[in-house]
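Visitor: Let me give you the structure first, and then I'll get to my questions.
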Amino acid sequence: MKIKFRIAVAVLALLTAISPLYAAQKSVNLKIFPEDYTLFVDGNQVKPSSVRKYLKRITVQTGEHEFTFKSAGYIDKKEKINITNRTSELEIKLEKKESMIEQVAVFKTGPHPKSVEFTPDGKYFASALLEGTGVDLFSTSTFQKVKTIEIPHQYAKLRNFVEIVFFTDRNEMWVSQMAANAIHVIDMKDYTYKLTIPTKGIWTKIIAMTNDHKFAFASNWESHDVSVIDVNQYKVIGKIKVAGIPRGMVTTADDKFLYVCIFSSGQIQKIDIASKKIVKTMKFPKGAKRHILLDRDKNILYVTDMYRGSIYVINPVDDKVIKEIPVDQKLNTAKLTPDGKYLFVSSRGPNNPETYLKKGYKFGKVYIIDTDTLTIKEWIWGRNQPTGLDISPDGKYMAFTNFLDNEVEYYRIKYKK
């Protein structure tokens, strides 16, 4: 009996001794891109098990570890990571070795950065927050957040800030806010609130302006119309009904016409600015036209289609399609370098099967289109839903938002051919 008791005590002591080791083991999911990588933890190679497509899993002790990710054609990624009982997933992307762009910094923003725009002097970039109370402003020299531009509480509490444009001659920044059906004017001398323009539409998103800055236009998602604003009076002087949900807009170089993307049908409507009448409806295969911009030197339109995952290149002289460039799923924002040689475009990537408001299984990307050949020059990984995107005024930097990660990635454009 004594022997059995002693054995039982010994077994209990052994279990007590080793149980902390088991308790210290933690299963961690890995969402890493590219998918083809080799993982080392504290210098030892670890082979993750597959959970589902795009997701793998490892078991590791809690505490701080050095993770190293290696993949052919990519720069090795080393990170010190503290694994705690709360750590459930690691999300990491690698940067390409041979690329015309190089990551410089990552900025944390407020919730859901919808857009990003460099200020005309290149000293800052601003990001409108869909779920935040205003606009975040960052310095491009100190890499620090300068401030969140304060909007009066009656508007700020509604959130849903969307897009930004600059009126350099007026020293003003205009910001649209969906939930307020309004545009806020910011004084760029000190980036403080100046006034609010009610758009008289519902769910205001994009702002476009004539080149002489006399008129601005606001696309209203739910009321299916475009507000016409007298810039000097800060006042809506008319509204133009369109064929569906309006999104992106751009004026022609001579200020005669306004092109409006119809997101709900994939059409583009052409409006005569003087008469405020629709003069043409351009029809395409089923799609969701989102963003439109004009290369004013070449007089070429570029349009992203979110549904088709392609870019339409259009001649505004006759409104004929020059080419449709297949790119990737869920294309969002497109911007040209100042010399017009490259078109950068963000791709959100496939949606989460439940809802696009949850992180998908795969990271999105940013593509670079060569505008001479109208082909994809290269692409890089973003993270969860690359959305807003802009190029600095001097063409040396590119920034884009990862909408569901609450961050802006900042890249140096290393060369241009």
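What follows draws every value from the coordinates through simple rules; no lab data is involved. Quick caveat: nothing in here was measured; it's all calculated off a predicted structure. Don't worry about glycine lacking a Cβ; one is built from the backbone with ideal geometry, like all the others, and counts go over all protein chains shown.
Visitor: Hey, what's the Cα Rg ratio for region 121-161 versus the globular rule of thumb, 2.2 N^0.38 Å?
Guide: It is 1.23.
Visitor: Using Cα atoms only, what is the angle between the long axis of helix 2-23 and the major principal axis of the chain, expressed in degrees (0 to 90) to the nearest 10?
Guide: 20 degrees
Visitor: Read phi for every residue in region 394-410 and hand back ³J(HN,Hα) as whole Hz from Karplus 6.51 cos²θ - 1.76 cosθ + 1.60, θ = phi - 60°, with x for Gly and Pro.
Guide: Going residue by residue, I get 8, x, 9, 9, 10, 10, 9, 9, 9, 4, 8, 9, 6, 8, 10, 9, 10 Hz, with x marking Gly and Pro.
Visitor: Is it possible to state the helix-based mean residue ellipticity at 222 nm for the chain, with each DSSP H run of 4+ residues giving -39500 (n - 2.57), the sum divided by total residues, to the nearest 500 deg cm²/dmol? What is it?
Guide: Estimated from H runs of four or more residues: -2000 deg cm²/dmol.
Visitor: What residue among ALA179, ALA334, ALA24 has the largest mean-square fluctuation in a Gaussian network model of the chain, using Cα springs under 10 Å?
Guide: ALA24
Visitor: Applying a 10 Å radius around every beta-carbon, put 345-358, 294-307, 109-122 in order of their mean neighbour count, most first.
Guide: 109-122, 294-307, 345-358
Visitor: What is the packing order of peptides 393-400, 89-96, taking the mean over residues of other C-beta atoms within 10 Å and listing the highest first?
Guide: Result, highest mean Cβ count within 10 Å first: 393-400, 89-96.
Visitor: Another question about this same structure. In what sequence do VAL231, VAL106 fall when counting other Cβ within 10 Å, fewest first?
Guide: Ranked by crowding around the Cβ, least crowded first: VAL106, VAL231.
Visitor: Find which of PRO326, VAL303, ALA126 sits farthest along the positive direction of the dipole of the chain, computed with +1 on the beta-carbon of Lys and Arg, -1 on that of Asp and Glu, about the Cα centre.
Guide: Highest projection toward the positive end goes to PRO326.
Visitor: Given springs between every Cα pair under 10 Å in a Gaussian network model of the chain, which of GLN233, GLN329, GLN177 has the largest fluctuation?
Guide: Residue with maximal mean-square fluctuation among GLN233, GLN329, GLN177: GLN233.
Visitor: Give me the dipole magnitude in Debye, nearest 20, for the chain about the Cα centre, with unit charges on the beta carbon: positive for Lys and Arg, negative for Asp and Glu.
Guide: Charge dipole, the chain, about its Cα centre: 1460 debye, nearest 20.
Visitor: Explain nothing, just the number: dipole magnitude of region 279-327 about its Cα centre with +1 on each Lys and Arg Cβ and -1 on each Asp and Glu Cβ, in debye rounded to the nearest 20.
Guide: 180 debye
Visitor: If N is the number of residues in region 23-93, what value comes out of its Cα radius of gyration divided by 2.2 N^0.38 Å?
Guide: Rg over 2.2 N^0.38 Å, computed on Cα atoms: 1.03.
Visitor: Counting only residues 5 or more places away or on other chains, whose amide H sits under 5 Å from the amide H of GLU222 once H atoms are built in the peptide plane?
Guide: Distant-sequence amide H within range of GLU222: ILE202, TRP203.
Visitor: Connecting C-alpha atoms closer than 10 Å in a GNM of the chain, tell me which of LEU293, LEU404, LEU195 has the biggest fluctuation.
Guide: LEU195
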